[in-house]
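Structure record follows, encoded as structure tokens.
The values are calculated or read from the model by the stated rules, or taken from the named source; none is laboratory data. Here the structure is a predicted model, which is why all the values come from computation and not from measurement. Here the Cβ positions follow ideal geometry from the backbone for every residue, glycine too, while neighbour counts run over all protein chains shown.
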Amino acid sequence: MSRKLLSGIILSLLALGGTGMNGFAQEISIDEVDVLNEAIQEKQQSIDQLNRQIDSYKEKIEQKQSEEATLYGELDLLDNRIAKTELDIEAAEAEIDLVNAQIARIQQDVLALEEVIGKNRELVAGILQEVQTQDNTLPLQLLFGTETFSEFFSTLEQLEAVSSDLKEAVETARASKLRLLEKHETQQEKKEQLTELSESLVQEQQRLETTTGAKSTLLSATQQSEAQFLALLEDLREEQAYLNQQISQLQKDIEGKLNATDELGDSSILSWPVDPTIRGISAYFHDPSYPFRHLFEHSGLDLPAPTGTPVRAAAPGYVAWARTGTLYGNYVMIIHTNGLATLYAHLSRMDVSPDQFVSRGDQIGAVGSTGLSTGPHVHFEARLNGIPTNPLDYLIAY
């Protein structure tokens, strides 16, 4: 073997260094792998069964939403939503268990590959030592000769066989390392999936709490009376109609008084009325999971926060009104420039009066749960020329 070829093989060996080449090797129990595979299969079957049940509740919810709104129909709809959300939580927990089992299985594969790589290194080292020995003695044989030509060619054939074994061992080790790197990448992807599932679980638990609160609110507001439910529904619709009618006129009257001076340079850029990092956003604009969506669309964002948390003006403007209604409870409407208005509902108290000018960040009230509310939060709306629009289109990113 030439020294050039030997150097090439040594460079190939050096290229195998890195992840998994720390000499760590451990005997992997076949029983452990079988147990993990069986657990993964069982968890997947459980998830498939939960998903079938979830789909069944989806169909029931869609059916109820297509029916005319009645008290017991609405309560049945909420019960189905609660049952579905409970299954969603169970499915998310099962998915987390499944991913953890898959990560454990990957870790077993990593251990097995590290053991293979370790053995390959030992094999390569042994062959390399033999090649080095024969390569160092070869010039002496050429110089002093051999007893016969057949002995000389036999030595060369042996050397070629050893060289072939060495190259094969190097390629095997390289392939093992590539598989090891793939396993590490898959493991990282699974960990990221685990993080997403954990966040999803928190959201589902929050949704369950909201839907359960919605049922309690509806029962309290109607006292299980169909007549009171219909009266409540009429009140809600009249309040929304009044709001839509009045805000257009108020927009014209009040916007003429505004002389926008603001540190952000534009009063249609909205700041958050409550810090969204406190408890996140529990319901979005036209949120399909909103528990009362069968009765009306969710026209803003819900920002949960402890009762009494200060609520601040999202931009400079004039207070159009601070009043109490059936749907919104205590709520404040502020008119801004460029046809924009904001509404803050379910307040525990209101700290401003109609026709009062407020600057961005001024406290206008406090978080509460008045009106048709499922718990302490601020219902925050942005209206453009009187029409509800997605507040996220105007809010500063956080």
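Given the criteria within 18 Å of L303 (Cβ to Cβ) and not acidic (D, E), does T389 qualify?
yes
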For the range 306-363, give me every one of the strands (runs of 3 or more DSSP E) that falls completely inside it and has 1 or more residues that are over 14 Å from H379 (Cα atoms) and not assigned by TED's automatic domain parsing to the domain that holds T217.
317-325, 329-335, 340-347
Can you confirm whether the range 305-324 contains a residue that is surrounded by 19 or more Cβ atoms within 10 Å (Cβ to Cβ), closer than 28 Å to G73 by Cβ and in contact with a strand residue (DSSP E or B) (Cβ under 9 Å, 6 or more places away or on another chain)?
no
Name the residue, out of R293, R279, that is within 30 Å of G73 (Cα to Cα), in contact with a helix residue (DSSP H, G or I) (Cβ under 9 Å, 6 or more places away or on another chain) and either surrounded by fewer than 18 Cβ atoms within 10 Å (Cβ to Cβ) or at pLDDT below 90 (or both).
R293
It is to be established whether one or more residues within the range 184-200 are among the aliphatic types (A, V, I, L, M), surrounded by 13 or more Cβ atoms within 10 Å (Cβ to Cβ) and within 30 Å of T374 (Cβ to Cβ).
yes
Per the list (1) assigned by TED's automatic domain parsing to the domain that holds A320; (2) part of a helix (DSSP H, G or I); (3) modelled with pLDDT under 85, residue check on L232 breaks on (3)
